[in-house]
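These notes concern the structure reproduced below.
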Amino acid sequence: MSQPAVQEQAAGSEAAANIGTLFTKFRKFLRRRPTLAFLLCAPLLALVIGLIVYPFFYSIWLSLLNKKETRFVGLANYLFLLKRDTFWMVVRQSVLFTLTAVFFKALIGFIMAHLIDVVPSHRQRIWRGLALIPWVMPPALSTLGWWWIFDPSHSAFNWILHTFFGTSVPWLSDPNWARFCVILVNVWFGAPFFLIMYLAALKSVPANLYEAAAIDGASAWQKLIYITIPMLRNIIAITMLFSTIVTFANFDIVRVLTTGGPRNTTHLFGTYSFSLGILSGDIPLGACVSLFMFPVLAVAAFFILRNVRQRVRES
């Protein structure tokens, strides 16, 4: 065998050995738990970056441009919004809507969870299933049904009122009644979420606590105040935080039911942003409105989560 052939064969063997070594190291690298965890989370991470992180920073950039998106204007859009009475009305309406809806969702869910918890186990499935129907239905579809109920021309409520009392209610044309309708539909849709969370938490409360309290002569009200609520306070805080975020950013219920009317009195941040950005063609101004939600929700999340962490450390 000639010298070049020997050298070529040796080089080939060395390359094969190097490839084998690299392949072995690569297999060991893939078998490491941190690597496997990263690979499993990579698709979700890509979705978060593509659907949340990138749109967030792109919205910030858009909010700094003029209406035609051809010139950088800095904070001019934000200053313009802060001077508009309509914007501050949207802020007040969003806060009122969120606080009222979350409070009644939590209250109704808490009461319904206790009512279902005392039902015999073999019958609880039926009641849980019936109670979850509003929550599992698509919000836009269920809100359309409510719109038919409140519609001034074909309102089922007004037909009943007119038949028995000879009067009717301007459900969606009066600002106060329109706000009431929006909150009512949101509570109807969201209360089952609180119900199922509180019902699951009630199952984890040790029965011996109630037995000991009964031996000591505690009433049902005292058991609720001194046992149930303290045992459920963390799940109450977490569910209220989650519901606050979802309710504050609500879009579909207001959009289908009132489209923000009458006279912009039922607009929330989401619908007002859509109205300015899409319907009016001012994308930068609409981006500004949507970005105002971030600091409000961030502050609320900070205080609620800090309170939960303090309770966990105390326990």
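Summary of computed values
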read-out: Whichever residue in the stretch 70-90 is among the hydrophobic types (A, V, I, L, M, F, W, C) and over 14 Å from Leu285 (Cβ atoms) and, among such residues, is surrounded by the most Cβ atoms within 10 Å (Cβ to Cβ); value: Met89
read-out: Residues satisfying the stated conditions in the stretch 276-295, i.e. closer than 27 Å to Phe103 by Cβ and assigned to a helix (DSSP H, G or I); value: Val289, Ser290, Leu291, Met293, Phe294, Pro295
read-out: Residue match in the stretch 214-227 (condition: closer than 30 Å to Pro170 by Cβ and either touching an Asp or Glu at 6+ places or on another chain (Cβ under 8 Å) or without any contact (Cβ under 8 Å) to a residue 24 or more places away in the chain (or both)); value: no
read-out: The stretch 193-204, residues that are surrounded by 13 or more Cβ atoms within 10 Å (Cβ to Cβ) and of a type in the set (Ser, Thr, Tyr); value: Tyr198
read-out: Residues that are crowded, with 21+ Cβ neighbours inside 10 Å and either aromatic (Phe, Trp, Tyr) or in contact with a Ser or Thr (Cβ under 6 Å, 6 or more places away or on another chain) (or both), drawn from the stretch 91-104; value: Phe97, Thr98, Ala101, Val102
read-out: Asn250 vs. criteria surrounded by 15 or more Cβ atoms within 10 Å (Cβ to Cβ), of a type outside the set (Gly, Ala, Ser), more than 17 Å from Ser290 (Cβ to Cβ) and out of contact with any strand residue (DSSP E or B) (no Cβ under 8 Å at 6 or more places or on another chain); value: no
read-out: Every pair of residues 6+ apart whose Cβ atoms lie under 8 Å, when the first sits in the stretch 32-54 and is on the phi < 0 side of the Ramachandran plot while the second is modelled with pLDDT under 75 and in a helix (DSSP H, G or I); value: Thr35/Phe29; Leu36/Leu30; Leu39/Leu30
read-out: Residues of the stretch 164-217 satisfying the condition of being in contact with a Pro (Cβ under 9 Å, 6 or more places away or on another chain) and not in a helix (DSSP H, G or I); value: Ser168, Pro170, Trp171, Leu172, Ser173, Asp174
read-out: Options Leu40, Leu30, Leu51; residue that is assigned to a helix (DSSP H, G or I) and at pLDDT 80 or above; value: Leu51
read-out: Residues located in the stretch 130-155, provided they are free of Cβ contacts under 8 Å to residues at least 24 places away in the same chain, farther than 28 Å from Ile116 by Cβ and either of a type outside the set (D, E, K, R) or surrounded by fewer than 13 Cβ atoms within 10 Å (Cβ to Cβ) (or both); value: Trp148, Pro152, Ser153, His154, Ser155
read-out: Options Lys105, Lys83; residue that is at pLDDT 90 or above, of a type outside the set (Asp, Glu) and under 29 Å from Ile235 (Cα atoms); value: Lys105
read-out: Residue list for the stretch 228-264, filter: farther than 21 Å from Leu107 by Cα and part of a helix (DSSP H, G or I); value: Asp252, Val254, Arg255, Val256, Leu257
read-out: Any hit, the stretch 205-226, residues being within 30 Å of Gln310 (Cα to Cα) and crowded, with 18+ Cβ neighbours inside 10 Å; value: no
read-out: Members of the stretch 116-134 that are in contact with a helix residue (DSSP H, G or I) (Cβ under 8 Å, 6 or more places away or on another chain) and either within 24 Å of Ile229 (Cα to Cα) or of a type in the set (A, V, I, L, M) (or both); value: Ile116, Asp117, Val119, Gln124, Trp127, Arg128, Ala131, Leu132, Ile133
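Residues are listed down the side, and each one gets a yes or a no for (1) at pLDDT 90 or above; (2) over 27 Å from Phe80 (Cβ atoms):
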residue	(1), (2)
Val246	no, yes
Thr259	no, no
Thr271	yes, no
Ser280	no, no
Gly286	yes, no
Ala298	no, no
Leu305	no, yes
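The values are calculated or read from the model by the stated rules, or taken from the named source; none is laboratory data. All figures in this text were calculated on a predicted structure; none of them were measured in a lab. Note: ideal-geometry Cβ built from the backbone for every residue, glycine included; neighbour counts use all protein chains shown.
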